[in-house]
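The structure appears below as structure tokens.
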Amino acid sequence: MPDRPDALELLEAVRGFLETEVAKGATDPRLRFREAPSGAPPAEEALALSWELCRRIRDGTSPSETAGAVRRIVEGKLAAASPRYLQKKR
């Protein structure tokens, strides 16, 4: 019967539940780091952008602010994965 949800619909339902119900109550920063920021590109687009940035870094054609941006991203991931990282940095 065609009235059953397909895999994409199920994934969207689970994502919506996690974002609206589970993430709201997550006080542990290690759980919240997995949230995608509002307006973030879909996973496929994000992956394509990452590959393009990697290519540009290798070619030496990346924007001048790339190193600082990558540093902030890595520091944010470290802080989310290990809150003690922030304490060590201060």
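The values are calculated or read from the model by the stated rules, or taken from the named source; none is laboratory data. None of these values were measured; they are calculated from a predicted model. Cβ sites come from the backbone with ideal geometry, for glycine too, and all protein chains shown count toward neighbours.
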Taking the stretch 1-22 and keeping residues modelled with pLDDT under 70 and either hydrophobic (A, V, I, L, M, F, W, C) or touching a helix residue (DSSP H, G or I) at 6+ places or on another chain (Cβ under 8 Å) (or both) leaves 1
Given (1) surrounded by 12 or more Cβ atoms within 10 Å (Cβ to Cβ); (2) modelled with pLDDT of 90 or more, identify the lone condition not met by residue 48. (2)
Quick one: is residue 41 over 24 Å from residue 78 (Cβ atoms) and modelled with pLDDT under 75? no
